[in-house]
1. Of Ser15, Ser92, Ser159, which is the most mobile in a GNM of the chain whose springs link Cα atoms less than 10 angstrom apart?
2. Setting aside same-chain residues fewer than 8 positions from Lys134, which lysines have a Cα under 27 Å from its Cα?
3. Roughly how many Å is it from the Cα centre of segment 183-225 to that of segment 139-157, as a whole number?
4. Considering Cα pairs under 8 angstrom that are at least six residues apart, work out the relative contact order of segment 44-86 and quote it in whole percent.
5. How do Asp209, Asp110 stack up against each other in accessible area, from largest to smallest, with a 1.4 angstrom probe?
6. Scale the Cα Rg of segment 29-105 by the rule-of-thumb value 2.2 N^0.38 Å and send over the ratio, two decimals.
7. In nm, what is the difference between 0.36 nm times the number of residues separating Ser178 and Glu98 and their Cα-Cα distance?
8. How high is the relative contact order of the chain, given as a whole-number percent (alpha carbon pairs under 8 Å, six or more residues apart)?
Amino acid sequence: MVHFNDLHEKGSLTSFQRLQNELAHVISTMKHGEKLPSEPKLAKNLGVSRATLREAMRTFEGQGVIRRRQGVGTFVVGPIQVIESGLEVLESIETLAEKIGLDVKMGELDIQQIKANEYYSSNLQVDIDTPLIKISRVINADNRPVAFLVDVLPESIFSHEDLEAGFTGSVLDRLIESEKIELSISKTVIQAEAASSSIARALQIQRGDVLLLFKANLFSTEGKIIDYSYSYFLPGYFRFQVVRRVGDML
């Protein structure tokens, strides 16, 4: 659990940092799985508005210290195991979790056969109305949702029948195992994104909570886009890093 105690003298803290400090103390006195007081009661006890309290709580939610469930309440979470990875090599969540001995499982799965609209046509570089497969699923770890993944692929690459034999959540691993294509690189855009209502429900968080969003195009060795994906990660459960060379060093 993250504590802010003793990091600074009290007088040097901003009002928001003091709120985080006090909230950290409240959380540290509670047991794993215990429910925090209601937002109105907690805001009153801490002398802040509910809006300010929610902002402070988002920090702890992102760190995996607490878990907020829409319409149910906020609960203290025990120590979590973070999935850590460099971004130089593309690997699935399942592969990364296996390396650190963390059990992850696929949660809710939704498979749709759709036609390419303008957005998917542009991102996959296919004609409008091209048959596509859209695969949306939740990934669970520590008995809670930690990621929401969406992959969209041409049906010629990945058909509905390809998913019938034991699909466990990783489109990437299934593509790597496929004999149809050889994969090359993934071009990925990483940004912070506020959770929409549907994503918040899937991840059992509050609408507007900040997530890590990866948007990626996966290419074959022939330069063709095989898969377009957008993946939402809870920041407290993932730590990504990049190794970069300095200047013109070889």
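The values are calculated or read from the model by the stated rules, or taken from the named source; none is laboratory data. Predicted model, so just to flag it, every value in this text is computed and none were measured. Quick reminder, even Gly has a Cβ in these numbers, built from the backbone with ideal geometry, and neighbours come from all protein chains shown. Ligands, DNA and RNA are excluded from the accessible area calculation, which covers all protein heavy atoms including side chains. Shrake-Rupley method; radii C 1.70, N 1.55, O 1.52, S 1.80 Å.
1. Ser15
2. Lys105, Lys115, Lys180, Lys187, Lys215, Lys224
3. Between the Cα centres of segment 183-225 and segment 139-157 lies a distance of 10 Å.
4. Computed over segment 44-86, the figure is 22 percent.
5. On the way: Asp209 5, Asp110 65 Å².
Highest to lowest solvent-accessible surface, that is Asp110, Asp209.
6. Details: Rg = 16.3 Å, N = 77, 2.2 N^0.38 = 11.5 Å.
It is 1.42.
7. 26.7 nm
8. Reported as a whole number, the value is 19 percent.
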